[in-house]
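**Student:** Questions regarding the structure given below will be posed in turn.
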Amino acid sequence: MSRSERQDKLIEIINFNIIENQKQLTSFLREVGFNVTQATVSRDIKELGLIKRKNTSGVSHYVKPVDPRLRKLKTLFHQSVIKIDFTGNIIILKTLSGAANSACALVDRIGENEIVGTIAGDDTVMIIVRNESSISNVIKLLESFRE
């Protein structure tokens, strides 16, 4: 398998799992058929520009760095989100009319593992969170974009 295929799989793994260290990442890659060493994984991490970030639960894990183009989405989020509310494992964002899609685009791109999915209308975004215990942490993250 090629380096490109391996790196694509590596990105997929960190997008869907909380990977805290290179040893875990090496194990995941081996499980899916890539015969890699930790040195190879270390080079891939460097080439891909991966960074470690704490998630809303405080666990440090590998993520792709935030794309600088997201700054515009953060600005739109800040300017358009009027209210953040929740029920159960669902967060609702109320936005200015016509702004829900841009707010939703930011949520989709932040790569938070606790967010399962989103749906946007004209002035409302529905965010499904993995479990109720994660709600307050995800809301804190969303509130940070409004500052």
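**Student:** At 7 Å along the Cα-to-beta-carbon direction for both T124 and S136, put a label point, then send me their distance in nm to one decimal.
**Tutor:** 2.7 nm
**Student:** Once label points are set 7 Å from the Cα along Cα→Cβ at both K46 and L96, what is their separation, rounded to one decimal in nm?
**Tutor:** Roughly 4.6 nm, to one decimal.
**Student:** Mind checking the dipole of the chain: about its Cα centre, +1 per Lys or Arg Cβ, -1 per Asp or Glu Cβ, Debye to the nearest 20?
**Tutor:** Dipole size: approximately 540 debye.
**Student:** Give me the one-decimal nm value for the distance between modelled label points at V59 and Q79, 7 Å along each residue's Cα-to-Cβ direction.
**Tutor:** 3.7 nm
**Student:** Checking the cross-link filter: which lysines have an alpha carbon closer than 20 Å to that of K74, excluding same-chain neighbours under 8 positions apart?
**Tutor:** Within reach: K54, K64, K83, K94, K140.
**Student:** With viscosity set to 1.002 mPa s and temperature to 20 °C, compute the Stokes-Einstein D of the stretch 1-85, Rh being the Kirkwood radius across alpha carbon pairs; µm²/s, no decimals.
**Tutor:** It diffuses with D of about 148 µm²/s by this estimate.
**Student:** For S2 and I110, what is the calculated FRET efficiency with R₀ set at 22 Å and r taken between the beta-carbons, to the nearest 0.05? Let's see the in-between values first.
**Tutor:** Working: r = 29 Å, r/R0 = 1.33.
With R0 = 22 Å, the Cβ-Cβ based efficiency is 0.15.
**Student:** Continuing with the same structure: Among residues other than S97 whose Cβ falls under 13 Å from its Cβ, what is the net charge (Lys/Arg +1, Asp/Glu -1)?
**Tutor:** Combined, the nearby Lys, Arg, Asp and Glu give -1.
Values quoted throughout were computed directly from the atomic coordinates according to the rules given, and no laboratory measurement underlies them. All values derive from a computational prediction rather than experimental measurement. Note: ideal-geometry Cβ built from the backbone for every residue, glycine included; neighbour counts use all protein chains shown.
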